[in-house]
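*Asks:* The structure's right below; bear with me while I get my questions together.
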Amino acid sequence: MDVTSRDSVLAFVGGAHERHGRIDVLVNNAGVMALSTLEALRVDEWDQMIEVNLRGTLYGIAAALPLMRAQGTGHIVNIGSTAAYRVDPTAAVYCATKYAVRALTEGLRQESRDIRVTLVSPGYTHSELTERGGDPAVRAAVQAAAEELGMPASAVADAIAHAIAQPGSVDVNEIIMRSTAQG
């Protein structure tokens, strides 16, 4: 699915709802991390990060939330980043999108009594996130750091499973996780 297309996200969630009769969990996990200095003016990459990281998350919420409200239960898990808690050089736009995901997740949590809402914010993780976009020198440095310091993606999946597995009356609001090597 294309998370930058509201119609695509609605069709995906609607298809899952039609097939299974309900939507229990939505994990908003699409992301783009095209790192460069602001001075480089990679505006198309800024737009892509905003479209995927923020608007894609909003489209997921917009598609699933009405169905969850109608069934009286559900769980929305948004994938953030430790970049939502600090800003690093060359990462200002990426961090801004993850700060925004953090804020909207908290807002949704405060609005919800019957829908559980969790933000999972991983640090360096072995994934394809560092493989595309941004300044090539910065990308190479981040790839090297992720290789050295990263945790397996399965650790993030386990954290999501932990939040989902809690009783319906328990809402794990935030999980911030890093490999022990990241410090």
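*Asks:* May I ask you to list the residues in the stretch 109-140 that are of a type outside the set (A, V, I, L, M) and loosely packed, with under 12 Cβ neighbours inside 10 Å?
*Replies:* Scanning the stretch 109-140 gives Gln110, Glu111, Arg113, Asp114, Glu128, Glu131, Pro136.
*Asks:* Still on this structure, I have one more. Please enumerate the residues belonging to the stretch 141-182 that are open to solvent by less than 60 Å² (accessible area, probe 1.4 Å), closer than 25 Å to Pro89 by Cα and polar (S, T, N, Q).
*Replies:* Result: Ser179, Gln182.
*Asks:* Looking at the stretch 1-23, I want the residues that are within 16 Å of Met68 (Cβ to Cβ) and have a partner that is modelled with pLDDT under 95 and open to solvent by 40 Å² or more (accessible area, probe 1.4 Å) with Cβ atoms under 6 Å, at least 6 apart or on another chain. Which pairs are those?
*Replies:* That search, which allows pairs on different chains as well, returns Phe12/Met1.
*Asks:* May I pose another question? Being among the hydroxyl-bearing types (Ser, Thr, Tyr) and within 23 Å of Gly168 (Cβ to Cβ) narrows it down to one residue among Thr118, Thr82; which is it?
*Replies:* The match here is Thr118.
*Asks:* While we're looking at this one, here's another question. I'd like the full set of residues that are more than 19 Å from Ile164 (Cα to Cα) and open to solvent by 80 Å² or more (accessible area, probe 1.4 Å), limited to the stretch 1-46.
*Replies:* Correct list: Met1, Arg6, Asp7, Phe12, Glu18, Arg19, Leu38, Glu39, Leu41, Asp44.
*Asks:* Take the residues in the stretch 82-108 that are of a type in the set (Phe, Trp, Tyr) and in contact (Cβ under 8 Å) with a residue 24 or more places away in the chain; name whichever of them is surrounded by the most Cβ atoms within 10 Å (Cβ to Cβ).
*Replies:* The residue in question is Tyr94.
The values are calculated or read from the model by the stated rules, or taken from the named source; none is laboratory data. All of these numbers come straight from a predicted model, not from anything done at the bench. Because the Cβ atoms are built from the backbone with ideal geometry, glycine has one as well, and the counts that use them run over all protein chains shown. Heavy atoms of the whole protein, side chains included, go into the accessibility calculation; ligands, DNA and RNA do not. Shrake-Rupley method; radii C 1.70, N 1.55, O 1.52, S 1.80 Å.
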